[in-house]
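All of the numbers you see were taken from the coordinates with simple rules; none came from a lab. It should be emphasised that the depicted structure is a prediction, and the values quoted were computed from it without experimental measurement.
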Amino acid sequence: MSITYENQRVMFDVLVKRYKAYCDLYKLVNNGSLQGVTGFDDFYWRMTYISKYQDVRNFGNGSV
């Protein structure tokens with residue numbers, strides 16, 4: 001069980017880093033503003049579940 005937890009924790013840490021990078025890029029593009037940035041909960045959901053199980057033909061149009 002500890003191996004599963006450790007692997008999931010590593011993946012979570014990777015997602016946190018990606019989210020921070022996303023926020024940095026968002027600020028850069030939007031003149032330093034984070035207004036309108038996707039929350040971590042939505043980001044996490046998309047990166048873990050939707051991107052894994054959604055039909056790739058619909059990936060860019062926001063439908064689930």
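Of note:
- Length added when fully stretched, Asn30-Leu15, from 0.36 nm per residue minus Cα-Cα: 3.2 nm
- A full extension of the chain between Trp45 and Cys23 corresponds to an added length of 6.3 nm, given 0.36 nm per residue minus the alpha carbon distance.
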